[in-house]
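> Please see the structure below; I have some questions.
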Amino acid sequence: MNQTIQMLKVGLGGASLLGLVSAGGCAAAAGDMGSAFATAAGIPQMDAFLPAREAVAAGEPMAIDGDYTISTIGKRIRFEGGRAYAVDPWLHGFTLKVRPGMVVIRDIQKTGSGQYTGQDLPLMGPATMSVMENGALDVAVRGTLGPARYQLVPVAGSVSSPPVDDDPVDDDAGDFSDCETIDVDGNGNIICAD
């Protein structure tokens, strides 16, 4: 990847590419511009190794179900019964094509009032999602290649109701609002490491 960055720095004047890469660990550059960079640099592209939505059974409807735009790349995903899949295509990490219908977050569970967890498949790690006052989801991922943070902005009219209090859950169980360091225990559960 360093050689690819060096090739792109020559063509882009250096600073703008490094700003894109450092802003989100290649995620920010993974939209339409990321595809153009990869094509110009001759980086081979292939389909992402993600399951199709038909291969991941939907669970019960959730209050967060609906369409959201990923803040860092401007692409839409759809939450539907405990999973989220791509609506728009994009290029992840300059080489992996995420196609419509590919699952990008799975095993979504409500952990408290306005709090959810799941597995972010492209970033390869556990995600915590907090509903913000404006209805957007603030997402923090402990990805394999490092932490990432982004927001999911609801597409107007696609989320049926404010997603904060959809069903009663013990608000103390899984509440990470006061947690600065999130970790995963030996059983794969997301915990507060503070």
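> Of these, Leu137, Leu145, Leu152, which one is farther than 18 Å from Gly59 by Cα, within 15 Å of the chain's Cα centre (by Cα) and modelled with pLDDT under 95?
Every option except Leu145 fails the conditions.
> Here's a check for you: in the range 107-149, which residue that is in contact (Cβ under 8 Å) with a residue 40 or more places away in the chain and of a type in the set (Ser, Thr, Tyr) is farthest from Pro89 (Cα to Cα)?
Selected residue: Ser113.
> Go through (1) outside any loop (DSSP other than H, G, I, E, B); (2) open to solvent by 10 Å² or more (accessible area, probe 1.4 Å); (3) modelled with pLDDT of 95 or more for Pro100 and report which single condition fails.
Single failed check for Pro100: (1).
> Looking at the range 38-57 only, could you name the residues that are aliphatic (A, V, I, L, M), surrounded by 13 or more Cβ atoms within 10 Å (Cβ to Cβ) and modelled with pLDDT of 70 or more?
The answer is Ile43, Ala48, Leu50, Val56.
> Counting only residues that are at positive phi and not in a strand (DSSP E or B), which one in the range 121-158 is surrounded by the fewest Cβ atoms within 10 Å (Cβ to Cβ)?
Gly157
> Name the single residue, out of those in the range 68-88 being without any contact (Cβ under 8 Å) to a residue 60 or more places away in the chain and of a type in the set (A, V, I, L, M), that is surrounded by the most Cβ atoms within 10 Å (Cβ to Cβ).
Ala84
> Of the conditions (1) modelled with pLDDT of 80 or more; (2) in a loop (DSSP other than H, G, I, E, B); (3) of a type in the set (A, V, I, L, M), Ala30 satisfies every one except a single condition; which number is it?
(1)
> On the given criteria, is Asp175 surrounded by 15 or more Cβ atoms within 10 Å (Cβ to Cβ), modelled with pLDDT under 95, in a loop (DSSP other than H, G, I, E, B) and charged (D, E, K, R)?
On the way: surrounded by 15 or more Cβ atoms within 10 Å (Cβ to Cβ): yes; modelled with pLDDT under 95: yes; in a loop (DSSP other than H, G, I, E, B): yes; charged (D, E, K, R): yes.
The answer is yes for Asp175.
The values are calculated or read from the model by the stated rules, or taken from the named source; none is laboratory data. Note that the coordinates shown come from a computational prediction; the quantities given were computed from them, not determined experimentally. Neighbour counts run over all protein chains shown; Cβ positions are idealised from the backbone, glycine included. Each accessible area value is taken on the protein alone, full model and side chains, heavy atoms only, with ligands, DNA and RNA left out. Shrake-Rupley method; radii C 1.70, N 1.55, O 1.52, S 1.80 Å.
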